[in-house]
2 protein chains.
Amino acid sequence: MTITHSPTPATSPQSDPGLDPTGGRPVVPRRGSRRGVGVAEVRLTDGFWAARQQTNTTATLAHCERWMDRLGWLANFDRVADGATGPGRPGWQFSDSEVYKLMEALAWDYGRTGDPGTDRTLRALTARIARAQDDDGYLNTYFGHAGQRGRYVDLEMGHELYCVGHLLQAAVARLRTTGADALVDVARRTADQVCREFGPGRREAICGHPEIELGLAELGRALAEPRYTEQARLFVERRGRGLLRPIPLLSPSYFQDDVPVRDAAVLRGHAVRALYLSAAAVDVAVDTGDDDLLASLERQWTATVSRRTYLTGGMGSRHQDEGFGEDWELPPDRAYCETCAGIASVMVSWRLFLATGDVRYADLMERTFYNVIATSPGPDGRAFFYANPLQQRTPGEPTSPDAVNLRAEGAARAPWFDVSCCPTNVARTLATWQTYTATVGDDGAVSLLQYASGSLRLTLPDGAALGLEVETDYPASGRVVVRVVTAPDSPVLLRFRIPSWATGAVLHEDGRRIEAPPGFADVHRTFAAGERLELDLPVAPRFSTPDRRIDAVRGCVAVERGPVVLCLESADLDDAGPLDDLRVDPTRPPTDAEPGAFVQVRRADRPEDAGEGLPYRDVPPGLDAASSADDAPPLAVRLVPYHSWAQRGPSTMRVFLPTT
Amino acid sequence: MTITHSPTPATSPQSDPGLDPTGGRPVVPRRGSRRGVGVAEVRLTDGFWAARQQTNTTATLAHCERWMDRLGWLANFDRVADGATGPGRPGWQFSDSEVYKLMEALAWDYGRTGDPGTDRTLRALTARIARAQDDDGYLNTYFGHAGQRGRYVDLEMGHELYCVGHLLQAAVARLRTTGADALVDVARRTADQVCREFGPGRREAICGHPEIELGLAELGRALAEPRYTEQARLFVERRGRGLLRPIPLLSPSYFQDDVPVRDAAVLRGHAVRALYLSAAAVDVAVDTGDDDLLASLERQWTATVSRRTYLTGGMGSRHQDEGFGEDWELPPDRAYCETCAGIASVMVSWRLFLATGDVRYADLMERTFYNVIATSPGPDGRAFFYANPLQQRTPGEPTSPDAVNLRAEGAARAPWFDVSCCPTNVARTLATWQTYTATVGDDGAVSLLQYASGSLRLTLPDGAALGLEVETDYPASGRVVVRVVTAPDSPVLLRFRIPSWATGAVLHEDGRRIEAPPGFADVHRTFAAGERLELDLPVAPRFSTPDRRIDAVRGCVAVERGPVVLCLESADLDDAGPLDDLRVDPTRPPTDAEPGAFVQVRRADRPEDAGEGLPYRDVPPGLDAASSADDAPPLAVRLVPYHSWAQRGPSTMRVFLPTT
């Protein structure tokens, strides 16, 4: 396949927006009829995401650097530079990638804030990793040096190319926000080394953990370097052909090496691996015009979302192998829903949205933003959930702000993990959150996808400026006010995403009241500076009933409020008794209690403790104790946003509530 | 604590029953008022377990030896003996233990059959392992020799002491069936080495996988060697005090090193580890008269059985860590229920029964025998289930009789596993099954615990002989006929176990019809040769309803028939449509269809495929598609014994069935 490409302009610092007036975007496909918005085009002013982005800037970035310093993950680079490698290297074989993800987060955040301290931190890290780069461009602190195993001897589990992928993504962030610098130079030399080693006609191999493909694809775009795109394409195409050696206790599907990407029907195996690969495959499909591959990835997304995805948007049903389960295998208690898988899901959906404009991708992004990504960091930005289960049976132990969590689970957020992929992934995602809020089409259409207070200063394809101010306290309320600040003299198509749950949304504009069904509500006309448009999304709480094929939540309902999934937390029960004894009365709709809701419940008698025997009884099903709840007096209990759970000390929690 | 012990007589060959007239028993506590029966006291003639024991003898034992030969696990001993160790050793670090479990099975089986070929095989294996023993008694093929890591450098995961434990159990089997020989000598020297290394005042350490405790306790009993008992006690007492180093991704509870054994409330962590430890702790408690420890272990058993045990008796809710879940965490689809955990559960319950005589322990043993242990081996004795889930959503792939299964899961039995603990564990359990069928009390009471056709030739404490012939096709029917062949002239207390499910059991004896509630039905009188007693256990199929706190099977029922859990298998559905669409009508009791049952079901409409969206709908719960089943025409479908599932090709399967 010949790769054609239009010469993408080199990027430039945000302060000189000459070549990229957007200020930088994470994903810049070579083809397609719409683009995302850049860090200089959107500024969040306040609200749900602005607060989180600010905490990320002021707390999380330094938090991550401190932990990696403390654990020696940064010093690993110094040891390579100083020829001091040997036994006892701290950290897993993939710890370099955490440094790179932090660097990516710093680069995006500097692009937004222009804070000199952030730039200094990034430059210092760049100098540190640059010293560790081998003369031929190879860069890794775990393999390839004195006292270490050789390069690429363990492609299955070694994560060398995975680490490179994250390095390249960091360089792309730098390139797109401030332009080429030492980090970009390091990345380019590393990418060249990878291409020499694994390029066409060279070593026919892949990395056990997809990620290199993402880095190469985007660096290829940012530098207009077709070799990188081609290398990404090669890695994607090689996958699923059994190039990885068998690993005991892991199946080829864990690595997505069971079926070629274009032949797969659904995502499977390790969820983050599957989603990173899928995102990169979209990049390759778009950039090479491989419509068959793109169509396959859309089908895989559909199959995955309709049968292997949680109400929260979370993906990954199994702690074992951090993996997808089978269709309908969606246990709430053992849901893994890794934070990184939510982030990776957003990466896939965003690329598919840019490629197709299909609103369902933006719908899933919103669901995942509010219910997976927002759930991970605690309010201070210094503790994180790794797994995001939908039920917690035991309150668990509080975590220490000073202790590394050795396992990716627990009923409390932890400051850092032994395998600590999530905190830096959260950091780089929050640093770019605003770039997912809107797109600009080649036809000048402006689509508002995610609602948050802020200002948009968009340059339309014809060079005209469109300035919008958005005011909303969404998702607390569903009222979104858009004020036109500047607008061209010609018609603009302004599109409002109406979420799939928002039945009954209304758009007020130009004196009209427009019923807006889910999808896009379009306004196509010439706008005047100063005018207001108002969108009312019905965020009133509502029951959600699972498909009956989801065995694990049979007989249960959940409650959602706008885009926010709610939960019942033991902290709100007072004397209502144990959480597991409550039964929701489904005939009485939930009532609003912003940011949550109230539901009417009844308390089922505690069954006699089986005590000596097994928890199964030879009684006809109709007579089991659950029905006792029907006669109990009703009781109103408060539900809170799932993303805010476990902020009031150890707690039990349920998203899905049994019904009477 | 001072250990007192009565001098236990040395064992002797079965052909010369001078010192141990029972012919050998797996568990011989130093204290207690009842004993199990030996391989020479009970002979199964035909029926459910006789057939399985016979297949074990004729097929499984040789099958296990062939695989270990083929994979080089046997040759590992030769390499140590020949000083040829080095890189590339085949098998995991614990593969020696499989050889020892096979040797234990061979020893017990020879005790039963007296087959010279079995004896030759065992002697040949003994010679082979004896050559590999170091001069000081240390015996391991993975550690401690040229090109290997040193002894005991990785107690957490190295499994050296675990392997020794299985060696000692093999020696005990030999000692109890044929007397001291080279295997016993090897074991004794190994045990002495362990005591020197880890004894009082020596290295304060434990093994990551309990098992050494069991081997030492029983070898201490068999050889009347208090040092071994004391060493077992030390290992049990040291546990739960954090002596194991932290292992990334595994918690101390995985190793039961979180809480001292006597302080624990419930079994937790890796199920086989927890259960082996619990069994050994009972041995220690009984032999040392530690009643507090025994009481704690009884409480832990109760808590585990009432909240962490499947209807099948299976234990272990998580594939991850092969572990127990939390209370009420009992998913049917991802049930691990490792075959070895079932075996280990029987080991615990048997010891507790011997210590207490409480019928509930024998009840759980029966449940576990029929629904976990009988489920693992296929009819030919050459393929095994490792995990025993209660639901299979996809038919999976057939296994090859020639391929090692790399993972401990799948919808078909496999001939061998990369981690192949289960086949040899099944072999040693089936080789001793008859020894769990009855006990003899110090007061002369004879308790019949498990029902199978066969003959019992018991020596009562006063030296009198009691001969019984049992005829039954249990569990196909519930009729058990006991004929007295020989009996003393004085009264004997004959006790029949009435299983907990057997409401309405009737005992016919001496012309009387006795209603026999669950527990024990006692007949205390002088018996005459030739007379018959008949027990009628109601094995008609019945619904079983799970405790409503088991979220994963809410709204479902199971069907049991006598001690046998049934399941619905897609192979029996013909044109009834997909298994997951069926809803059982709980108002219509199941009808008998030996060995299974029929239930009345209705087919729910397939919900429209959510297709583009998530599998959750904004509809009130009452209107979900499941209720459509209420109006569908009824349909009778056949259920089959769970232990016989997956014998008709790849299949989907459910034990718990949703109700209309």
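The values are calculated or read from the model by the stated rules, or taken from the named source; none is laboratory data. Just so you know, these numbers come straight off a predicted model, no measurement behind them. Note that each Cβ is placed from the backbone with ideal geometry, even for glycine, and that neighbours are counted across all protein chains shown. Side chains are part of the model used for accessible areas, which takes the heavy atoms of the whole protein and leaves out ligands, DNA and RNA. Shrake-Rupley method; radii C 1.70, N 1.55, O 1.52, S 1.80 Å.
For the reader, a short list of remarks on this structure follows.
- Annotation for region B:409-416: at least one member residue is surrounded by 24 or more Cβ atoms within 10 Å (Cβ to Cβ), of a type in the set (A, V, I, L, M) and either within 14 Å of chain A (Cβ to nearest Cβ) or under 20 Å from B:Leu311 (Cα atoms) (or both).
- For region B:605-619, the criterion of being hydrophobic (A, V, I, L, M, F, W, C), modelled with pLDDT under 95 and in contact with a helix residue (DSSP H, G or I) (Cβ under 8 Å, 6 or more places away or on another chain) is met by at least one residue.
- Per-region count, region B:123-176, residues charged (D, E, K, R) and in a helix (DSSP H, G or I): 6
- Of the residues making up region B:311-339, those that are crowded, with 24+ Cβ neighbours inside 10 Å and out of contact with any strand residue (DSSP E or B) (no Cβ under 9 Å at 6 or more places or on another chain) number 1.
- So A:Asp327, is it away from chain B (no Cβ under 11 Å) and either within 18 Å of the chain's Cα centre (by Cα) or among the acidic types (Asp, Glu) (or both): no
- Put simply, of B:Gly519, B:Gly577, B:Gly596, B:Gly511 the only residue that is surrounded by 23 or more Cβ atoms within 10 Å (Cβ to Cβ) and either within 29 Å of the chain's Cα centre (by Cα) or modelled with pLDDT under 95 (or both) is B:Gly596.
- Restricting attention to region B:75-119, the residues that are among the hydrophobic types (A, V, I, L, M, F, W, C) and open to solvent by 40 Å² or more (accessible area, probe 1.4 Å) total 2.
- Subset tally (residues that are under 23 Å from A:Gly357 (Cβ atoms) and within 14 Å of chain B (Cβ to nearest Cβ)) for region A:499-531: 9
- Scanning region A:541-571 for residues that are open to solvent by 30 Å² or more (accessible area, probe 1.4 Å) and away from chain B (no Cβ under 11 Å) yields A:Ser570, A:Ala571.
- Pairing each residue of region B:291-316 that is at positive phi and more than 11 Å from chain A (Cβ to nearest Cβ) with any residue that is open to solvent by 30 Å² or more (accessible area, probe 1.4 Å) and modelled with pLDDT of 95 or more, provided the two are 6+ apart or on different chains, yields C-beta distances under 7 Å for B:Gly316/B:Glu322.
- Subset of region B:198-232 [farther than 24 Å from B:Arg174 by Cβ and among the charged types (D, E, K, R)]: B:Arg202, B:Arg203, B:Glu204
- Any hit, region A:375-398, residues being more than 14 Å from chain B (Cβ to nearest Cβ), of a type in the set (Val, Ile, Thr) and part of a helix (DSSP H, G or I): no
- Which listed residue, of A:Arg479, A:Arg457, is more than 24 Å from A:Ala173 (Cα to Cα), open to solvent by 10 Å² or more (accessible area, probe 1.4 Å), at pLDDT 95 or above and within 28 Å of the chain's Cα centre (by Cα): A:Arg479
- Only a single criterion out of (1) outside any loop (DSSP other than H, G, I, E, B); (2) open to solvent by 20 Å² or more (accessible area, probe 1.4 Å); (3) among the hydrophobic types (A, V, I, L, M, F, W, C) is not satisfied by B:Val419, namely (1).
- Failed item, numbered, when A:Gly530 is tested on (1) open to solvent by less than 30 Å² (accessible area, probe 1.4 Å); (2) touching a residue at least 24 places away in the same chain (Cβ under 8 Å); (3) not charged (D, E, K, R): (1)
- Members of region B:237-270 that are within 14 Å of chain A (Cβ to nearest Cβ) and either assigned to a helix (DSSP H, G or I) or without any contact (Cβ under 8 Å) to a residue 12 or more places away in the chain (or both): B:Pro246, B:Pro248, B:Leu249, B:Pro252, B:Ser253, B:Tyr254, B:Phe255
- Residue in region B:228-244 that is touching a Lys or Arg at 6+ places or on another chain (Cβ under 6 Å), buried (at least 22 other Cβ atoms within 10 Å of the Cβ) and either modelled with pLDDT of 95 or more or outside the structural domain of B:Glu409 (by TED's automatic domain parsing) (or both) present: no
- Unmet criterion (only one of (1) open to solvent by 20 Å² or more (accessible area, probe 1.4 Å); (2) more than 14 Å from chain B (Cβ to nearest Cβ); (3) touching a residue at least 40 places away in the same chain (Cβ under 8 Å)) for A:Ala279: (1)
- Residue in region A:262-274 that is under 21 Å from A:Gln231 (Cβ atoms), in contact with a Lys or Arg (Cβ under 8 Å, 6 or more places away or on another chain) and open to solvent by less than 10 Å² (accessible area, probe 1.4 Å) present: yes
- Matching residues in region A:128-142 - criterion: being within 17 Å of A:Asp69 (Cα to Cα) and hydroxyl-bearing (Ser, Thr, Tyr): A:Thr141, A:Tyr142
- Against the test of being in the same structural domain as B:Arg273 (by TED's automatic domain parsing), in contact with a Lys or Arg (Cβ under 6 Å, 6 or more places away or on another chain) and touching a residue at least 60 places away in the same chain (Cβ under 8 Å), the options B:Thr424, B:Thr432 yield a single qualifying residue, B:Thr424.
- Breaking point among (1) under 26 Å from A:Arg31 (Cβ atoms); (2) in a helix (DSSP H, G or I), for A:Gly179: (2)
- Region B:477-506: number of residues that are farther than 19 Å from B:Ser544 by Cα and either free of Cβ contacts under 8 Å to residues at least 40 places away in the same chain or not basic (Lys, Arg) (or both): 17
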